[in-house]
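In what follows, a structure is listed as structure tokens, so that the remarks can point back to it.
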Amino acid sequence: SAIAIGTEINLVQRLAAEHPDLTIFCLDQVVCPCSTMYRIHPGYLAWVLEELVAGRTPNRIEVADDVAADARVALERMLAAAPKPRATSAGRAG
């Protein structure tokens, strides 16, 4: 199978490495790495998680209701299309 993905290149490369049985490539032939993704590091992630636990939402982005509705449909479709975990011989997902 071949899968073309239109998102951040490091995610595409990671998915390709995790699934060598598939042909996974980026839709954009001239890829510019996302500088924002490079800013995510363990300390920043810990801060965001601590803020969420405290009931605060850092860096909240709000969009119009119609935009949010379309985005929700797209996310639900992506999640529905995600591969389901396979059961192992012990009956657990693996």
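Can you pull out the residues in the stretch 30-42 that are in a loop (DSSP other than H, G, I, E, B) and modelled with pLDDT under 70?
Residues satisfying the conditions are V31, C32, P33, C34.
Here's a check for you: in the stretch 14-24, which residue that is charged (D, E, K, R) and modelled with pLDDT of 90 or more is farthest from M78 (Cα to Cα)?
The extreme case among them is D21.
Looking at the stretch 43-54, can you tell me whether even one residue there is assigned to a loop (DSSP other than H, G, I, E, B) and surrounded by 12 or more Cβ atoms within 10 Å (Cβ to Cβ)?
No: zero hits.
Based on what the data block shows, is D66 without any contact (Cβ under 8 Å) to a residue 60 or more places away in the chain and surrounded by fewer than 10 Cβ atoms within 10 Å (Cβ to Cβ)?
Numbers: without any contact (Cβ under 8 Å) to a residue 60 or more places away in the chain: yes; surrounded by fewer than 10 Cβ atoms within 10 Å (Cβ to Cβ): yes.
Yes, satisfied.
Here are L45, L27, L11: which of them is modelled with pLDDT of 75 or more and under 16 Å from A82 (Cα atoms)?
Going through L45, L27, L11 in turn, the sole match is L11.
The values are calculated or read from the model by the stated rules, or taken from the named source; none is laboratory data. Predicted model only: the values in this text are computed from it and were never measured. When we count neighbours, we look across all protein chains shown, and the Cβ atoms used for this are built from the backbone with ideal geometry, even at glycine.
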